[in-house]
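The values are calculated or read from the model by the stated rules, or taken from the named source; none is laboratory data. None of the values given here were measured: they were computed from a predicted structure. Note that we place each Cβ from the backbone using ideal geometry, even for glycine, and neighbour counts take in every protein chain shown.
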Amino acid sequence: MSQFISVFDMLKIGIGPSSSHTLGPWRAAQTWIQKVKKQQLFNDFDEIKVDLYGSLSLTGKGHATDLAILLGLSEADPEYIPIEDIFIIVERINTQQEILFKGGKRIPFFKESIQFNKVFLPFHANGITFRGFLKGEEVSSETYYSIGGGFIVQENNVLEDEIEINKKNFPYPINRAIQLEEYCERDQLNISDIVLQNELELKTANKIDFELGRIWDTMLECMYIGCHSQGNLPGGLNVKRRAFGTHQKLIKETKYANPQEWITAIRSSEVKFREILKWVSCFALSVNEVNASLGRVVTAPTNGSAGVIPAVLMYYLVIENHSADFEHIKNFLLVAGEIGSIFKKNATISAAMGGCQAEIGVSSAMAAGALTELLGGTPAQCLCAAEIAMEHHLGLTCDPIGGLVQVPCIERNSMGAIKAIHAAEIALETNPKESLVHLDKVVDTMWETAKDMNKNYKETSEGGLAVTVRMADC
């Protein structure tokens, strides 16, 4: 059975710094609490313990996994929680050493209630077990796996709310890129048209527009906040925010009062050739600096790669097409989401499973394909652009210094965005029928590369820069 993955699964609104290590555990904690309440087990608890395994344990502190668990158990929603409430809730739990649940029940919770176990569970590198006790006796035990992009599964379960892809459920069942290409050619439709028809089986047109608008608004606000925030990022590396300084030099004395006026201001300015790359870099850096400071971002397809797609879409809006409107934004996000889902179905978007090629590589491929459609490329050229972008990220490792989503992660978003734009330009000058490598082949190759990659280079901070540059050196 093939699983349908919506654009809204690939592009989720949440809190940084990591979709697999922050958003996933947060959602897992929420899911467990909701489950035991339905089973009427929750009222029997007088103690809760949490065990983290594998990559969640090795880099959990740097990724704020422990904070995410506290927030998830508290039943806070990462999509809507006010950012300032995050630290209030965490501080209250740490100070009072108890969690206040909805309904008023309080359960003691100490620092030792979360155990970091370096052992890897067989099913997936990101394992987390929640256990509830009554007078020392275990009443409930559930293990979840955070498989990237905020997705969570249990070993004997499918993804939550999985929908089978078939002709009965969707007009265009898609598992591989070649199927998508064939549908487009047969019905003379763009990729965004195909994706929209499938999404309409689940949501009304108005609901789709509303949700995509909310995703874009979150991306835009994230870039705006990042470009207007100074200082160093939290975590101990003392990484200086760079988007602010770059933005100040580029925007000069231009006046504006909000994100929409900001876009208009950039469009109306005379952007020199060399400044284009600086703007793209600024957009990407701004998002991931917000992400690194536990801000609200959109997984695209993950938090660690959240800056690529907004940066490339912003590039189109402020550089390529000053007349672009919501329809362009909508089509871009539809194409990007579908390309990401192909990687998710046939490979991975988890750095703990595939290294950074699974995050920055996939996001670059998503952005490249989407940009190509907006620039007038054929569906085959869109897929060609996605292939080119991923081809030149193959083998990219995940080696965050100190387990923080900062170095080299933030800069990699800038590089991924630039590569996506370049890939789109190459694809527009390419005859896809003459291309030696199809997108499906590069997806398969990425997955084989992921399986062959040493685990030290898969978000464990046990290899690469994370070892050669220690926290103590910073």
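General observations
- Test: Val405 is farther than 20 Å from Leu313 by Cα, assigned to a loop (DSSP other than H, G, I, E, B) and touching a Gly at 6+ places or on another chain (Cβ under 6 Å): yes
- Checklist (1) of a type in the set (Val, Ile, Thr); (2) under 14 Å from the mean Cα position of the chain (by Cα); (3) assigned to a helix (DSSP H, G or I) applied to Ile329, failing item: (2)
- Subset of the range 168-198 [more than 20 Å from Asn346 (Cα to Cα) and either of a type in the set (Val, Ile, Thr) or modelled with pLDDT of 95 or more (or both)]: Pro171, Cys184, Glu185, Arg186, Asp187, Gln188, Leu189, Asn190, Ser192, Asp193, Leu196, Gln197
- Highlighted here are the strands (runs of 3 or more DSSP E) found entirely within the range 20-115 that include at least 2 residues which are in contact (Cβ under 8 Å) with a residue 40 or more places away in the chain: 47-54, 106-108.
- Residue count for the range 382-406 under the criterion of being surrounded by fewer than 23 Cβ atoms within 10 Å (Cβ to Cβ) and among the polar types (S, T, N, Q): the result is 1.
- For the range 63-77, taking the residues that are buried (at least 22 other Cβ atoms within 10 Å of the Cβ) and within 17 Å of the chain's Cα centre (by Cα), the one that is nearest to Gln115 (Cα to Cα) is identified as Thr65.
- Glu462 vs. criteria of a type outside the set (A, V, I, L, M), part of a helix (DSSP H, G or I), assigned by TED's automatic domain parsing to the domain that holds Ile360 and at negative phi: no
- The set of residues in the range 435-474 being over 22 Å from the mean Cα position of the chain (by Cα) and more than 28 Å from Ile388 (Cβ to Cβ) consists of Glu462, Val467, Thr468, Val469, Arg470, Met471, Ala472, Asp473, Cys474.
- Pair list, Cβ under 9 Å, 6 or more apart: the range 201-216 residue among the hydrophobic types (A, V, I, L, M, F, W, C), other residue exposed (fewer than 15 other Cβ atoms within 10 Å of the Cβ) and part of a helix (DSSP H, G or I): Leu212/Phe326; Trp216/Phe326
- Any pair with Cβ under 8 angstrom, 6 or more apart, that starts in the range 128-151 at a residue that is part of a loop (DSSP other than H, G, I, E, B) and ends at one that is surrounded by fewer than 17 Cβ atoms within 10 Å (Cβ to Cβ): Lys135/Asp46; Phe151/Leu159
- Subset of the range 242-301 [of a type in the set (Val, Ile, Thr), within 13 Å of Ile319 (Cα to Cα) and touching a residue at least 60 places away in the same chain (Cβ under 8 Å)]: Val280
- Candidate set: the range 420-457, residues that are touching a residue at least 60 places away in the same chain (Cβ under 8 Å) and part of a loop (DSSP other than H, G, I, E, B); chosen: the one nearest to Glu182 (Cα to Cα): His438
- Evaluation of Leu121 against (1) hydrophobic (A, V, I, L, M, F, W, C); (2) more than 21 Å from the chain's Cα centre (by Cα); (3) closer than 23 Å to Gly136 by Cα (one fails), failing number: (3)
- Near pairs, Cβ below 6 angstrom, 6+ apart or cross-chain, from the range 387-402 (part of a helix (DSSP H, G or I) and among the polar types (S, T, N, Q)) to any residue that is surrounded by fewer than 19 Cβ atoms within 10 Å (Cβ to Cβ) and modelled with pLDDT of 95 or more: none
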